[in-house]
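See below for the structure under consideration.
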Amino acid sequence: MGRVKTSDIDELVANTPGVEVHGKSLRITFKYRGVRCRERLALPITKSNIKYASGLRASILHDIAVGIFNYSSHFPDSKTAQRLGIITDKLKSVTFDEAAKEYKEIKKADWGIQTRSTKGLALDAIGSFFGPKTIIASLTATDIKMFRTHSFETVAPSTTNDRLSVLKGLLEFCESSHYTERQLSQECQKVKRSKKHPDPFSLEEYNRLIDSPAVRPELKTFITLGAYTGLRTQELCALAWEDVDFENNRLHVRRAIIQGKKFKGTKTGEDRKVILQPPALAALKKHLSVTGAFPREDIKVSTVGRDFYMDSVRPVFRISQNRIRTGSPWRQPKDLSVNWRSLMKKTGVRYRNIYQLRHTFACWNLTAHGNIAFIAKQMGHADYSMLVKIYGRWMESEDDVAALRIWDSLSGMGHRNNAPHVPQEIRTA
């Protein structure tokens, strides 16, 4: 049959229910699962093709009526099928590598630069176990449980749980994208691990470190700031003299240093103001003469998403000039950790990692009955719930002592220690 004349198209289609002209091709319409579906046929507009389209639609309506309609076999690339949650052959062929790449791309807006790195490494480890070319739709609950067991036997429990968390996020993405019909994300149950309690330094241990001739002056300043400000190790390494307000005894925490000597801003995008207690203030004033006169360093600070800003500042803690190899004078936590164990041994202090200085700040302040909301704010917690969860044992105190402290405060506010007036008992004859 020849092509249909333009003048005859409207009349021809009007007499063929469910068949439409769509551009230069035909389209059929039908209702499935309560949704009106339109599917384009790659057919030119001819009488025979219009007849074929009508027959195809009739066959589809029959299959729908008897419950045997297979949407993906008729329309494997249909967007309507995806919207209806129907797994097409194309979706069923998505590999782990492809899903992981797509997942990382859509999460760029939510993950910071360090998070992208750590979660990327976790996805690499997961992909290595399953195989990068493994079809997502072929994974089973047993596969997820086998990965959980394998990870638990080969890496630390904390690393296992981090990987399971990443895998759960990936599988939730795959489920919502209809790359799999199975609900596998619920199988990513974290492994049980013993709770690690903070192990702070005692005042006697702290003094032993500070007074030891084996500890370099710069490290003594670092230890003092860690114990009396509660800054994270990464924040201390990224500290600049421009962040120190000597006039108001304040520190402005603006950034942290991460792998590769890159910088990231605070999670909230705002400075955290930390009050300098006398030992920390004195240590900084003394250290100013050591590194305060060095020139500014230009740095790039990443913020939420892909944003960043440039800054020009002077590092408080610097690598000595004769040891600078990369051109960057900034110290990293791993630089300080190299000789930390040796330092503990030389001073006779029981070994704990350098991060315990932050725990030391929290525990000392809580033992001194400091306001928990204030302490949480100094440490950069959103609220004090985390403080209660981690340091609860240091918040316990003698009830009698606590009661006396409260009464002393109330007395200073004018509360009186006298019994309320009681009317004289009325006696009856």
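The values are calculated or read from the model by the stated rules, or taken from the named source; none is laboratory data. Note that the structure is predicted; figures quoted are calculated from it, not measured. A quick note on method: Cβ atoms are made from the backbone with ideal geometry, for glycine too, and the neighbour counts reach across all protein chains shown.
Observations on the model:
- In summary, GLU175 fulfils each of the numbered conditions (1) under 28 Å from LEU387 (Cβ atoms); (2) free of Cβ contacts under 8 Å to residues at least 12 places away in the same chain; (3) crowded, with 17+ Cβ neighbours inside 10 Å with the single exception of condition (1).
- ILE113 meets the conditions (1) within 30 Å of LYS300 (Cβ to Cβ); (2) at pLDDT 85 or above in every case but one. The failed one is (2).
- Picking from residues in the stretch 363-389 that are in contact with a helix residue (DSSP H, G or I) (Cβ under 8 Å, 6 or more places away or on another chain) and closer than 19 Å to ASN207 by Cβ, the one that is surrounded by the fewest Cβ atoms within 10 Å (Cβ to Cβ) is THR367.
- Exclusive hit being under 19 Å from LYS273 (Cα atoms), more than 23 Å from the chain's Cα centre (by Cα) and either at pLDDT below 90 or part of a helix (DSSP H, G or I) (or both), set GLY414, GLY392, GLY370: GLY370
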